[in-house]
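Shown next, in structure tokens, is the structure this report addresses.
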Amino acid sequence: MSQDASTLKLTITGAAGQIAYALLPRLGELLINVESKIDLRLCDTESQLPALNALSMELDDFACPWIEKITCTSNLKDAFEGCELAILIGARPRTLGMERSDLLVANGEIFSEQGRALNAYADQNVKVLVVANPCNTNAYICMNHAKDIPSHRFFSMSMLDQNRAYAFMAKQYDLELAMIENLCVWGNHSPSMYVDFQRATYDGQPIIERIQDHSWFANDYQTLVAQRGSEVIKARGSSSAASAANAIIDNVALLLDQNQCYGNFSMGVCSHGEYGAQPGTIVSYPCVYNAKGELSIVEHIDLDPIAQQRIALSFEEIANEANQCRSLDLITH
Ligand code: NAD
């Protein structure tokens, strides 16, 4: 956020979509104080410009004191000029008969172009959160096309998986949600992700000491969290929108406000090979703010052999997709 005017230049792509519709009314929650404002750039494809204009009208009708300006655009220069925070939600959905590699190519083009535009026009301290799926790989492509923006400013969203993990654990054992901490998700935002229940605490005490039978944690729990997205699609006919918007709010709050004391949280960040991931890929790790206020990957976690094996499989899935991007020439250096 600009220090002087306390105005956040925020770009949201896919702004005419379902998630954005649930997100926009809640953006005020991200502001640090009542005087802060948002210079909001709503970006979508050209055909969605009427929908963006309708959104802009609705936002006007909120009579929000925190909206300084709204720009509706399909032009990436207008969308990213001076941008301090980019939330990339817009992408091609996978349609009937489309192979995963077709999806990778379609979205690869979108995220290459957006990476180059961020590089050319965004603020030098921009932070980029990629929500659109496959979010780890899309973030990887975007980062690789934004050569002047440091890789530690690119993030993919695993917060929805983390929130699901908290909710299932609380429900299963009738626990007070607010007293659960340090529950994190490793790996890819896909069914291969791993919920690290072993370091989670309840009222400061390790959960695994409080609950003796760990078989639920190691099996059903993992499946419930991993399959939750598909369950929502089955029930609703489209993917999670309100809960994804809520997770974006949680994720961005962490990205913007570094001074508060948090426990561990899950974030897709650029790996340097920590815990065996392929360096340069975007991987969800347990993260923390260190004493200097820097976001860092939690070090020296002692993982048991099962956790190691599960995490390695998820890391491998991410690495395979990154390698596929190279073989499809989506990344050429
Ligand atoms: P949606 O189909 O309702 O909206 C997507 C929007 O993106 C559409 O308005 C579309 O026109 C726009 N778009 C397409 N190409 C674009 C481009 N090049 N530039 C700008 N906008 C573009 O979808 P949704 O429900 O809002 O979901 C959006 C994405 O978020 C999907 O990829 C979905 O899989 C993903 N998602 C991620 C998580 C997560 O936890 N990471 C959770 C839920 C959904």
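Give, rounded to the nearest 20 debye, the magnitude of the charge dipole that the chain has about its Cα centre when Lys and Arg contribute +1 at Cβ and Asp and Glu contribute -1 at Cβ.
Its charge dipole is roughly 460 debye.
Please work out the Kirkwood hydrodynamic radius for segment 7-156, using every pair of different C-alpha atoms, and report it in angstroms with one decimal place.
15.5
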Rank Tyr285, Ala253, Ala235 by how far each Cα sits towards the positive end of the charge dipole of segment 210-333 (+1 on Lys, Arg Cβ; -1 on Asp, Glu Cβ) and give me just the farthest.
Ala235
For segment 244-333, just the Cα set please: Rg and Dmax, both in angstrom.
15.0, 42
Measure of exposure for Ile110: accessible area at 1.4 Å probe, Å² rounded to 10, is 50
About the Cα centre of segment 208-333, what is the dipole size in debye to 20, counting +1 per Lys and Arg Cβ and -1 per Asp and Glu Cβ, all else neutral?
360
Too-long pairs where the Cα-Cα distance tops 31 Å, listed order kept, from Lys69/Lys147; Lys9/Lys171; Lys171/Lys234; Lys69/Lys234; Lys77/Lys292; Lys37/Lys292
Lys9/Lys171; Lys69/Lys234; Lys77/Lys292
Calculate how many DSSP beta bridges within the chain are antiparallel, expressed in % of all such bridges and rounded to the nearest 5.
45
Quick check for me: using +1 on Lys/Arg Cβ and -1 on Asp/Glu Cβ, what's the dipole size of segment 152-212 about its Cα centre, in debye to the nearest 20?
240
Nearest 0.05, what FRET efficiency do His333 and Glu99 give at R0 = 25 Å with Cβ-Cβ as r?
0.45
Would you calculate the convex hull of the Cα atoms in segment 131-236 and tell me its volume per residue in Å³?
114
Semi-axes of segment 159-321's equivalent ellipsoid from the Cα gyration tensor, sqrt of 5 times each eigenvalue, largest first, rounded to whole Å?
21, 20, 18
Just to be sure I understand the curve: with the Debye formula and one point per C-alpha of the chain, what is log10 I(q)/I(0) at q = 0.06, 0.12, 0.15 Å⁻¹?
-0.20, -0.84, -1.32
Would you calculate the separation in nanometres between label points at Ile32 and Leu177, each defined as 7 Å from the Cα along the Cα-to-beta-carbon direction?
2.8
Over all directions, segment 210-286 yields a Cα convex hull whose mean projected area in nm² is 7.9
With the charge dipole of segment 7-156 built from beta-carbon charges (+1 for Lys and Arg, -1 for Asp and Glu) about the Cα centre, the Cα from Gly97, Gly28, Thr71 projecting farthest to the positive end belongs to Gly97
May I ask for the longest run of the chain untouched by GluC sites (Glu not before Pro) that are loop-located per DSSP and have at most 14 neighbouring C-beta atoms (other than their own) within 10 Å?
177-293
Between segment 192-257 and segment 72-94, how many Å separate their Cα centres?
28
If I model a spin label as a point 7 Å beyond the Cα along the Cα-Cβ vector, how far apart are those points for Ser238 and Asp203 in nm?
4.3
With -39,500 (n - 2.57) per DSSP H segment of 4 or more residues and division by the full residue count of the chain, the 222 nm estimate, nearest 500 deg cm²/dmol, is -12500 deg cm²/dmol
Considering the chain as a Gaussian network with a 10 Å cut-off on Cα pairs, which listed residue, Gly14, Gly97, Gly280, attains the greatest mean-square fluctuation?
Gly97
Segment 171-241: chymotrypsin sites (Phe, Trp or Tyr not before Pro) falling in loop per DSSP and having at most 11 other Cβ within 10 Å
none
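The values are calculated or read from the model by the stated rules, or taken from the named source; none is laboratory data. None of the values given here were measured: they were computed from a predicted structure. Methodologically, a virtual Cβ is constructed for each residue, glycine included, from the backbone with ideal geometry; neighbour enumeration extends over all protein chains shown. These accessible areas exclude ligands, DNA and RNA; they are computed on the full protein's heavy atoms, side chains included. Shrake-Rupley method; radii C 1.70, N 1.55, O 1.52, S 1.80 Å.
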